[in-house]
Structures are given as structure tokens and as C-alpha cells.
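Take a look at the structure below.
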Protein chains: 2
Amino acid sequence: MNNSLSQRTINRLVQYHTILRDYNKKEIVNITSAQISQLLGIDETQVRKDVKLINCKGKCKVGYNVNELKTIIEDVLDYKTTKRAFVIGSGNLGIALSKYSKFSEFGLEIVALFDTDKDKVGKTVDNKTIYNLSDIKEKIKEYNVNIAILTIPNKVAQEVTDLIIESGIKYIWNFAPTILSVPENIQVWHENLIGSFLQFCAISKIK
Amino acid sequence: MNNSLSQRTINRLVQYHTILRDYNKKEIVNITSAQISQLLGIDETQVRKDVKLINCKGKCKVGYNVNELKTIIEDVLDYKTTKRAFVIGSGNLGIALSKYSKFSEFGLEIVALFDTDKDKVGKTVDNKTIYNLSDIKEKIKEYNVNIAILTIPNKVAQEVTDLIIESGIKYIWNFAPTILSVPENIQVWHENLIGSFLQFCAISKIK
């Protein structure tokens, strides 16, 4: 992963990639910055700037080669390196994320789920076993995983976070709408569905 | 909603609000920019800048009044105005979003779900009925809704989008990982879980 890219640039590159994949499937060879900008409702100069930043060159009046730009984005964003993760919490959101097949295309492989509910433990979701949360320490070693995706209720979020960190988790993608307190050597990414919704409102000017 | 705020500022304000809610529950009266910045792992001057932008004043060495800052953020982000929405697709993600009680705190009220699966139509999720997608036009009138949250497979996403727009939907929050093509008067917000994951990787420098 190229660490010099800003979060917003990364986000746009991912959206360009979605379009390029669609074009690739339709066997369209070239795409212009104007086409990309129109589909995403963003400025054309922004698209050109981003593409230049990752050293992809277009041709005047022809645009970019779809396959080439797609591959460059995949390299820059390190799609090819597999990152194995556990989902903590096998409620609807945990199951939805575990079934979200697109993740694997981008290097994220969810290998197992965890829950404290005895009725759920032992069942599988898309061939991934739901384990008892109390077994996480040995499963971290068994599966060689250091990433956890948290989809648990707020009221147990901190307690569970403490447990999984103690067990060896280093990176947390948190979907619980609460801010977690963690040691300095642990990385947390707070997913913010509410924030996303409020951005949606702000951009859309909903009436 | 204050439309002069950038997307990133809005996103940070929502995160500040999450912290302020926690502090409020714990009956803590004041909070400093240093405390906020530490919890979120961002720069303290950024916090001060954001708070100044929404005209909240802190006191030297005491910080901000938790309740006051919380209320100002709620006003600025227009939490109090209810926005009624339909969820299209009653799979795990659709159900998870429908059950996500935090949304209502922020003005989003999911009032019903839609599906084409006859086994699901007629059932309820948290007292919200799952209707047949073919009935959406009359339900839009009945419920007075113009926002749709799309949680459907990619392969039917465009077709369903065309149908719901024709039926009267004006604003779409799209969770399907594909770019939708819509008329100019329709607003689409592409939720990007993959982009979020890749940002998580970039920030965390996962090894």
C-alpha cells in the first residue's frame, strides 16, 4: 500500500476501480476522465489528478486503457496481499459482512466468526465456523489472524475489545457505534455508518 | 444542515458527538480538545478548528461544556429533522440496518422493507413490514417516503434502481458495490465498505 495517498484519494481510487471492473466486464477498452467524473458526480480535473498521482498515462481524446488503469490501482492499493480476519459477533451485520463476497477480491479473507451465544456457536456461515468467543486466543494462533471486525452491541464493546487485544488481535475494524479505548500499539478504524448517512444528507440536501 | 461543512468535517463532528454522548452518560461536565484528539487519534488543533467552525467556545484549561457542544453539533447536523426511508432488500445487511437503533437518534427512521422473495414478503423486522417490491409505488405515497437504502445484489441493482426512481424515490443510499446510473435530479450516495476497509489498511499499515 502506498502510504502517501490521502484517505479521500484512496476512496476515489476504489470507486474508479468499481467502474473499471464494470467496463472490463463489458469489454470496453478505453475510458475517459470525463466518463469517470460523470458517473461519480465529481470534478473531471480531480480524476485526472488522481490518475496522474498513480503514474497512469492516458492518450489524448482516447482516454485511459481500462485494464491498465485497473491493474495499477490494484497494485497501488495492495489488493493482492491476503489479509485474514475474524468477525466478532454473528448478528445480522456480522453475517452480512462474512457473506460479502466482494471483500476477497480486495484481499480481505474472513476466516471465522465468534459469538457468546451457545445457540450460534458451532454453526457455519458460508463455510466459516462460529466459535465461542472464549476460544479466541487459541483460534488466533490456529488461523494466524491479527485483524478483528467488531459487530457487537455497544454495551459489551469495550469488554470484548480488551479480551481480543489480550488474546493477540492487533487491528480492529469497529462497527459498534462507540469509541473504543485501546493501547497505543493497537490500531482501530471506527466505521461510521451514521457519519456516512449524515454526509449523504449533507450532499443530497434531502427535503 | 449547514451545507458549508466539508464531508470530512461532518464525519469528525459525528465522532465528537459519539464521545460527547458517552461523557454525558457518565455525567462528566467538561471535555478538552486534548481528550477528544487522543480518543480519536487525530490532531488537537484539528479538533479546536472544527469546534471553532461551529461557534462553540471553550474555557481555558477547562475545555468545552459537554452538553453545550453536543447540542450545537446536533443543531448543525440537523439531527432533529426526521427523514423517513425504505430499505430495499431484506437480506442480512438490510435487516441489520433496519435494526440499527442508533439511526433514529440521528433523524433517520426506517419505516418498511421491500423484497421480491415471496417467503419474506409479509414478515416483519422490528415491527417494520417487508412488502413486495412491486407495491413500492403505492407504499411511497402511503408512507410519504422519498429515501431508499439499497442492500441488493449487484446484478439486479440497476434494474431495481430504475423501478424505484420511476416510483418516486429521489434519494438513494446505495450499499450494493456497483455504480448506479441515475437521472440528474436523483441523488445517490455510494456507500463504500471496500473503500473503508482499504482506508483501514492504509492507516493501520497492517502487517
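The values are calculated or read from the model by the stated rules, or taken from the named source; none is laboratory data. All of these numbers come straight from a predicted model, not from anything done at the bench. For neighbour counting, all protein chains shown are included, and Cβ atoms are generated from backbone atoms with ideal geometry for every residue, glycine included.
In this structure, is B:Ile169 in the same structural domain as B:Gly94 (by TED's automatic domain parsing), at pLDDT 90 or above, surrounded by 23 or more Cβ atoms within 10 Å (Cβ to Cβ) and not small (Gly, Ala, Ser)? Give the steps one after another, and end with the answer.
Details: in the same structural domain as B:Gly94 (by TED's automatic domain parsing): yes; at pLDDT 90 or above: yes; surrounded by 23 or more Cβ atoms within 10 Å (Cβ to Cβ): yes; not small (Gly, Ala, Ser): yes.
Answer is yes for this residue.
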*Report the residue count in the stretch A:71-106 for those that are more than 8 Å from chain B (Cβ to nearest Cβ), in contact with a Lys or Arg (Cβ under 9 Å, 6 or more places away or on another chain) and either more than 20 Å from A:Lys26 (Cβ to Cβ) or at pLDDT 95 or above (or both).*
4
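This table checks each residue for (1) more than 20 Å from A:Asn67 (Cα to Cα); (2) basic (Lys, Arg).
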| position | (1), (2) |
| --- | --- |
| A:Ser4 | yes, no |
| A:Gln7 | yes, no |
| A:Asn11 | no, no |
| A:Gln15 | no, no |
| A:Asp22 | no, no |
| A:Lys25 | no, yes |
| A:Asn30 | no, no |
| A:Ile36 | no, no |
| A:Ile42 | yes, no |
*Residue list for the stretch A:71-125, filter: part of a helix (DSSP H, G or I) and closer than 25 Å to B:Ser101 by Cα*: A:Asn92, A:Leu93, A:Gly94, A:Ile95, A:Ala96, A:Leu97, A:Ser98, A:Lys99
_In the stretch A:108-130, residue nearest to the other protein chains (Cβ to nearest Cβ) [restricted to those that are buried (at least 21 other Cβ atoms within 10 Å of the Cβ) and under 23 Å from B:Glu191 (Cβ atoms)]_ = A:Leu108
*Being free of Cβ contacts under 8 Å to residues at least 40 places away in the same chain and within 18 Å of A:Lys99 (Cβ to Cβ), is that true of even one residue in the stretch B:137-150?*
no
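Pick from the stretch B:60-79 the residues that are of a type outside the set (Phe, Trp, Tyr) and in contact with a strand residue (DSSP E or B) (Cβ under 8 Å, 6 or more places away or on another chain): which of them is nearest to B:Glu44 (Cα to Cα)? So that I can check it myself, show each step before the final result.
At the first step, the residues of the stretch B:60-79 found to be of a type outside the set (Phe, Trp, Tyr) are B:60-63, B:65-78.
Right, trim to in contact with a strand residue (DSSP E or B) (Cβ under 8 Å, 6 or more places away or on another chain) and you get B:62-63, B:65-66, B:69.
Numbers: B:Val62: 15, B:Gly63: 12, B:Asn65: 17, B:Val66: 17, B:Leu69: 16 Å.
Among those residues, the one meeting the criterion is B:Gly63.
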*Taking B:Val160 as the residue in question, decide whether it is surrounded by fewer than 18 Cβ atoms within 10 Å (Cβ to Cβ) and part of a helix (DSSP H, G or I).*
no
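I'm trying to understand the selection: among the residues of the stretch A:165-174, which are part of a loop (DSSP other than H, G, I, E, B) and more than 9 Å from chain B (Cβ to nearest Cβ)?
Step one: filter the stretch A:165-174 for residues part of a loop (DSSP other than H, G, I, E, B), giving A:168-170.
A:Gly168, A:Ile169 - these are the residues of the stretch A:165-174 that are part of a loop (DSSP other than H, G, I, E, B) and more than 9 Å from chain B (Cβ to nearest Cβ).
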_Just to be sure I understand, how many residues within the stretch A:14-69 are of a type in the set (Lys, Arg), farther than 25 Å from B:Glu184 by Cβ and more than 14 Å from chain B (Cβ to nearest Cβ)?_
4
*Please indicate, with yes or no, whether at least one residue in the stretch B:133-155 is crowded, with 21+ Cβ neighbours inside 10 Å, among the polar types (S, T, N, Q), farther than 11 Å from B:Ser90 by Cα and at pLDDT below 95.*
no
*If you go through the stretch B:1-30 one residue at a time, how many are out of contact with any helix residue (DSSP H, G or I) (no Cβ under 6 Å at 6 or more places or on another chain), in a loop (DSSP other than H, G, I, E, B) and under 21 Å from B:Lys80 (Cβ atoms)?*
3
*Going by the structure shown, is A:Lys155 away from every other protein chain (no Cβ under 13 Å), of a type outside the set (A, V, I, L, M) and in a helix (DSSP H, G or I)?*
no
_Subset of the stretch B:175-189 that is over 19 Å from B:Val145 (Cβ atoms) and surrounded by fewer than 16 Cβ atoms within 10 Å (Cβ to Cβ) - its residue that is farthest from the other protein chains (Cβ to nearest Cβ)_ = B:Glu184
